[in-house]
Amino acid sequence: MSFVREAGRAVRSTFVLWVLTALIYPFVMIAIGQIAFPFQANGSLINNAQGQPIGSALIGQPFTSDRYFNSRPSTTNYSTADPKADSLGVLKTGVSGASNLAPSNPALLDRIKGDIPRLQKAGVKPTADLVYTSGSSLDPHITPEAAKAQIDRVAKARGLQPNQIEALITQNTENRFLGIFGEPGVNVLKLNLALDALKPARAS
């Protein structure tokens, strides 16, 4: 009888803990997230002017057009893939990770030697974050210096004044967290979205 009683107590304890940890706690956390932090809880999605989601503030995207600010390089091409040739299922799960190439690796050197002339040809001064990938290869930010290095190219492609674009960069620069953690950065997707909404300055 003692064994049956102890076994029953163990089963009840397990059931109570399961209800608390597997049901109540997760649903409470979901509710708090949706009420207090809905933007973050739903993936930090960014919408265009039509209200359609076009990306996440947390994950970078590739931009190659002269009309847009280019992102930093990515070893995974920001988890994009050809829908017709996605054998690894990148579009379903996403891929993150650095190349782990040493500074002396010929593959890394060849890529950098290809990127620097491309940037210079476009009139962009190569900065570290426009040449090297981030640790995750999904970094959505570039430095303010990297953004300013692209001003002339973007201004020429869009027929805008450089000072208009420089002001836009300043408005979209995110400062250090609490003023001490990290470095200032510019979210490329947010900046390009603001760029699309920018009107050419009227001639005085």
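The values are calculated or read from the model by the stated rules, or taken from the named source; none is laboratory data. Small disclaimer: the values here were computed from a predicted structure and weren't measured. Cβ coordinates were reconstructed from backbone atoms using ideal geometry, including for glycine residues, and neighbour counts include every protein chain displayed. Ligands, DNA and RNA are stripped out before the accessible areas are found, and what is left, the full protein with its side chains, is counted by its heavy atoms. Shrake-Rupley method; radii C 1.70, N 1.55, O 1.52, S 1.80 Å.
Listed values, structure above:
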item: Cα lying deepest toward the dipole's positive end in the stretch 153-204, options 187, 175, 165, charges on Cβ; result: 165
item: Helix axis angle, 106-121 relative to the chain longest principal axis, alpha carbon, degrees; result: 50 degrees
item: Radius of gyration, Dmax [the chain; alpha carbons; angstrom]; result: 23.8, 96
item: Carbon + sulfur, % of accessible area of the chain - ligands and nucleic acids excluded, 1.4 Å; result: 61 percent
item: Values of log10 I(q)/I(0), in the order q = 0.12, 0.18, 0.21, 0.24 Å⁻¹, for the stretch 106-204 under a Debye, Cα-only, solvent-free model; result: -0.45, -0.93, -1.15, -1.32
item: Distance between the stretch 1-74 and the stretch 114-167 - C-alpha centres, whole angstrom; result: 33 Å
item: Tilt relative to the chain, helix 25-36 - C-alpha long axis, 0 to 90 degrees, to 10; result: 40 degrees
item: Rg to Rh, two decimals, where the stretch 1-78 supplies the alpha carbon set and Rh follows Kirkwood; result: 1.38
item: Subset of 125/199; 121/156; 121/148; 121/199; 125/148 violating a 21 Å alpha-carbon distance limit; result: 125/199; 121/199
item: Simple spin-label estimate for residue 9 and residue 121 in nanometres, 7 Å along Cα-Cβ; result: 7.8 nm
item: Sequence-separation-based contact order of the stretch 21-77, relative, with Cα cut under 8 Å and 6+ spacing, percent; result: 16 percent
item: Helix 162-171 axis, angle to the chain major axis (alpha carbon atoms, nearest 10°); result: 20 degrees
item: FRET efficiency estimate (nearest 0.05) - Cβ-Cβ, residue 163 to residue 40, R0 25 angstrom; result: 0.15
item: Radius of gyration, Dmax [the stretch 93-146; alpha carbons; angstrom]; result: 12.3, 36
item: Signed unit charges on C-beta, dipole axis of the chain, positive-most listed residue 37, 123, 51; result: 51
item: Gain in span if fully extended, residue 174 to residue 64, counting 0.36 nm per residue against the direct Cα distance; result: 37.3 nm
